[in-house]
Structure formats: C-alpha cells, structure tokens
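Just below is one structure, and these are the notes that go with it.
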Amino acid sequence: MTSNMDREMILADFQACTGIENIDEAITLLEQNNWDLVAAINGVIPQENGILQSDYGGETISGPAFDPASHPAPAPAPSSSSAFRPVMPSRQIVERQPRMLDFRVEYRDRNVDVVLEDSCTVGEIKQILENELQIPVSKMLLKGWKTGDVEDSTVLKSLHLPKNNSLYVLTPDLPPPSSSSHSGALQESLNQNFMLIITHREVQREYNLNFSGSSTIQEVKRNVYDLTSIPVRHQLWEGWPTSATDDSMCLAESGLSYPCHRLTVGRRSSPAQTQEQSEEQSTDVHMVSDSDGDDFEDASEFGVDDGEVFGMASSALRKSPMMPENAENEGDALLQFTAEFSSRYGDCHPVFFIGSLEAAFQEAFYVKARDRKLLAIYLHHDESVLTNVFCSQMLCAESIVSYLSQNFITWAWDLTKDANRARFLTMCNRHFGSVVAQTIRTQKTDQFPLFLIIMGKRSSNEVLNVIQGNTTVDELMMRLMAAMEIFTAQQQEDIKDEDEREARENVKREQDEAYRLSLEADRAKREAHEREMAEQFRLEQIRKEQEEEREAIRLSLEQALPPEPKEENAEPVSKLRIRTPSGEFLERRFLASNKLQIVFDFVASKGFPWDEFKLLSTFPRRD
C-alpha cells in the first residue's frame, strides 16, 4: 500500500511531468494506473516524452536526469525516490524529431500565442514577446514555470514541459497604463470574476478559486486560511502585483491578470526566515499580511504563538459537529444543523426543511402539480477543504438563496460522521436506488460538499444532477436553472394531465349524480305505485268485507221474514208494490196484522237496508 505522503509526492511529480493542473483529473489518472507514476506518465504523453523508467530497479539507458531540486515538492527519502529520467524509446532510433511546444502568455488584458521547438531557450520566448508586447526583455519577468524561476539560457527540453503551457508576464518596474476612461474600466473590472490559481507551497497543492472584482485581498487571504489552516498573519505570498500594497484593496484595483492569475502561498515560520526568502527571491513580489495582528499582539506574553491561537480557534470551530451522531429524530438533527450552519456562515442561507426525508418528499412532490417543487439535498462534510468556500461564497450567495427559496425544497444532511453517512446511504438506496447510493459512496472527501437535485416523476424519484463542491456561483446557478427548465417542462405536462384527469372526474361525478337522481326518481315512482296498489287492495278488501257483511245481514233478514201469506187467507192481506231506484218493482203480500218492521226487513233482504235507503209512500208522499 502506498502511504498518503508517498501519494502526495507521486501526485506532485506527475503534475510536474505532465503539466496537468486539475488535481481531480491527475488523481483519476494515477488511480487508473494503481499509483504507478511511470505507467501513468506513459499513458498521458507516451508519444511526446518517450518511455519513462523508475530508479527503483531495472536497467536504464543513460540520459539527462530529471533534477528533483527544480521541482517544488519536498525531496523524498532514498528508499522511496521519485526522481525519473527520460530514456530513448528504442535503441534503433538514432535521431529524435524536434518537439513543438505551444505557449499562451498572458500580460494584463492581452494573450500572446508562441510556438517553438523544445531545443530553443527561454530567452528566445522573451525576444518574441518583446516584439509583440513592446516590452524590453530586461523589464520582463516570465512566470508560470512548473519548476519555479528559470534562466534565459535554459533549454526548454530540459524542463520536460507538456505540449500546451500557460505563462504570464510581470513588469514590476513599469507603471500601469493610464487611461482617460479609468473609472469606466474600473467599474467593468469590479463586475468581472477573477480566477486565482493558488499553489500551497508546503504540500504542492493547487486551488482554483473564483472571486469577484469587488472582493478584497483580505477576503482572499481569509478564504485561503480556511483551506490551508495558515493564519493570515503567517501567510507568505508570491505573485501579487506591486500595486497590491494594501489588504483592503479590491482585486479589480490590484493589477491582477484577467481572467486568471497565479499566486503561491506558504507559511512564514519566523521573521528571520521571511527576510532570507525575500532576499533570495527579490524579483518576486512577496506580501506578508499584518492584518488582524493587533487582536493577538498580546498572545506572545502568555507563551502562545499567533498561529496556535488561530489554529485552536479553527480546530474548535471544525470540531463543533453540524449534526449529532446517531440522532434518533431527523427533525432534531436538522434543527441543530441549521443552528450550527447559521453560526458558521451567517443568517443568509437556504431555508433547510426541518423533518425527515420522507416528509420532504411529501412537501415537494405529493401535492397538486402547480404546487410541486424540486428537492435539493445538500450533503455536508466538515473534512473537505472545499466546504467553507462552498458554503460561504456559493451556498450563502443572495442569488442562490433566493432562487432555492422560490423553486426548491432544500433538505440537508451531514456525512462527516460514519454513522450518519451510513444512515443516509440507507435512505438513498431506499428512495433513489443502488446506483445513486454507490455514486455517493465512491465520492472522495475532497469532492464534497455535494448538491443533489431531485425531481419527483410519477411513481419514482429521479436524480437530475449531482453538483460537486468545486464549482462557482455562476456555474451553480446555471445548473440549478437547467434543472429547473427540465422540471418546468415536466410540470407543464403534469398540470395538463392533472387538468384532464380532473375534467374527466368532474364529468364522471356529474354523470354519477345524474344517475343517482334518476335512481331516486325511479324509486320514488315505484314506492308511490306500490302505495297506491296497497291502498286499492285495502279498499277492495274493505269493500268485500262490507259486501259480505251486507250479504250476511240480507240473508239473515230474509230468513227471519215470516212466510208470505196466500191470496186466499182468512185474515186480511195487503199487497205492496215497491219501486227501487233502478226502476224495478218488488211485490209481496203482507198480513194486515204485520208490523211495519216486517216491510223494512223485506226491503233490506232485497239489498236495500233501511239505514241507507228510505221507504216513501207515493200519495201522499211521506217517509
């Protein structure tokens, strides 16, 4: 296994030999070759620099050795030497074709492209620049060499340069050009973004930082303190223009090269050592900031060095956890995260959703299509060197905060602790699938923080973008807007589908209501008909009962009548003729001794009861 120190040395040597400035790209290439420096270099520039062989063992063809002293990395121990020498690719090759090198040289607002053979010298580049820029060679400092400052007589071949190179010219002895429109140019510079390529001398690591022209030199140094843990007072700088004499000066006024400028920073261990370094490199501009020094002037009286005071404060700040380990309640954990985030980076930050990830899904996705939002998951890591810069400059930028508040539900989690990291990977695997979980699991610490953009798509959750911490405000905003465009297009489709579905449901509801009313009307008719039939049946029963009762009475009366006397009878007989309402006549003989009730019973026995009909005499008419 290769130790961390050996890997840093191999990384520094690899960048020096190949000229690859992007650290992530260099690490990826080395990991593909299992940190074998020789194999990695041959994989990048085999056709340009030939085959490289290590001094670890094996036979090599003698050739000009690569001088480790010219490399800015610390010299390794003899047991793990990392010096390499180029050899001829084949013993049959006698002559070597000249190799062309491309140089892009920056000077203030101009770029000059120079193409030379690697057999030329540095002085020849300066002569070409003298004709292009109208600057005397004696007033010109050519910077940007990977191996540090070089002499004019140095042959380019001996520097082992890649094909494409970037240099810049400094003219400390020449005043800046005057312009009648200086205020307008200054205002334009204040709105520009400067890319500062800052090299940490002790660890040979580069940081690409973006700053607006209105940022001050002091802000740059404080951000570098967050990355390197070198207190501002102990920072020793190289590469600042001579006009940058005050830390309160903004970058637009400092004379930096646009769009990018190279700087080098290291730790100033003592005033004596700083003085020696200043004398040895008098051609470079060294800046040692004394800002914030008055606050700690008395620290030496207690036997505490300034760097220790800053270091302890920084360490204490970093040790304060953003989120408790093994938190049972996600809402309580996010409350602490929000409070700690505000204490570190101020109150201007995104509004973090307080609750579980499932609750954030409900808030963002499971509402009406018009009310849906994207879900932004911020993954924090305190051990990443990019965290402080990303949070303070990108995540807390007013434009980012405003855009996130309007269009996103922002949820956060801290992956610094292993338990919290494992818990989030479990949630990620459950909600997004194993592919996204594996992507986050393989992210290196220096690639954090991460920003996941999630869109709810019907029954699944889709990860639209994974934004790493090494970005700028403009790039972050651009990627958020790109995700918003995709979401807006999907949202319009969802709104259309939802409106159509609601229209169909409204029609169905209306049809169901009409059907219900129709059923109720039919049921009412049926019930009315049933009631009518029941009433008719009841009346018919009553009528039948009445008829039966009447018939029974008639029969009983008929049987109770005395027998009709004959015409020839000893007693007097009366013959009565009774006309009915229908016009028929009833005739019967009665004895003169019979009572009138017998007559009534006779009429009733024929169906005309006396309680319903009257018996009237004709002449005279009486009851």
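The values are calculated or read from the model by the stated rules, or taken from the named source; none is laboratory data. Keep in mind that what you see is a predicted model, and the values were worked out from it rather than measured. No Cβ is skipped: glycine too gets one built from the backbone with ideal geometry, and neighbour counts run over all protein chains shown. Protein only, heavy atoms only, side chains kept; ligands, DNA and RNA dropped before computing areas. Shrake-Rupley method; radii C 1.70, N 1.55, O 1.52, S 1.80 Å.
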note = Given unit charges at Cβ for Lys, Arg (+) and Asp, Glu (-), the dipole magnitude of the stretch 479-623 about its Cα centre in debye, nearest 20, is 1480 debye
Taking the convex hull of Cα positions in the stretch 426-470, its mean projected area over all directions (nm²) = 3.2 nm²
query = In the P(r) worked out for the stretch 412-568, what percent of Cα pairs fall beyond 19 Å?
reply = 77 percent
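Over the stretch 390-514, what is the mean sequence separation of C-alpha contacts under 8 Å (at least six apart), divided by residue count, expressed as relative contact order in percent?
19 percent
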request  = Whole number in Å², please: accessible area per residue of the stretch 523-573, 1.4 Å probe, ligands, DNA and RNA not counted.
outcome  = 90 Å²
request  = Give the Cα extents of the stretch 518-615 along the principal axes, in whole Å, largest first.
outcome  = 82, 25, 18
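Can you pull the percent of the stretch 524-623's accessible area that's carbon plus sulfur, 1.4 Å probe, other chains left in place?
52 percent
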request  = Could you go through the stretch 339-356 in sequence order and give the Karplus-derived ³J(HN,Hα) for each residue, using 6.51 cos²θ - 1.76 cosθ + 1.60 with θ = phi - 60°, rounded to whole Hz, and x for Gly and Pro?
outcome  = 5, 5, 4, 5, 5, 7, 10, x, 7, 7, 8, x, 7, 7, 5, 9, x, 6
inquiry  = Using the Cα centre of the stretch 508-588 as origin and beta-carbon charges of +1 (Lys, Arg) and -1 (Asp, Glu), tell me which of M533, Q546, S574 is placed farthest towards the positive end of the dipole.
reply    = M533
inquiry  = Give the lysines whose C-alpha is closer than 22 Å to that of K157, dropping any in the same chain fewer than 8 places away, or say none.
reply    = K126, K143, K146
task = Could you calculate the contour length gain from E505 to R622, that is, 0.36 nm times the residue separation minus the distance between their Cα atoms, to one decimal place in nm?
result = 33.9 nm
query = With a ≥ b ≥ c the root eigenvalues of the C-alpha gyration tensor of the stretch 318-408, is it rounded (a/c under 1.5), prolate (a/b larger than b/c) or oblate?
reply = oblate
task = Collect residues whose amide H, placed 1.01 Å from N in the peptide plane, falls under 5 Å from the amide H of T410; neighbours closer than 5 in sequence don't count.
result = F353, A376
request  = Among W610, A514, P562, pick out the residue whose Cα is farthest towards the positive end of the charge dipole of the stretch 498-616, where Lys and Arg carry +1 and Asp and Glu carry -1 on C-beta, about the Cα centre.
outcome  = P562
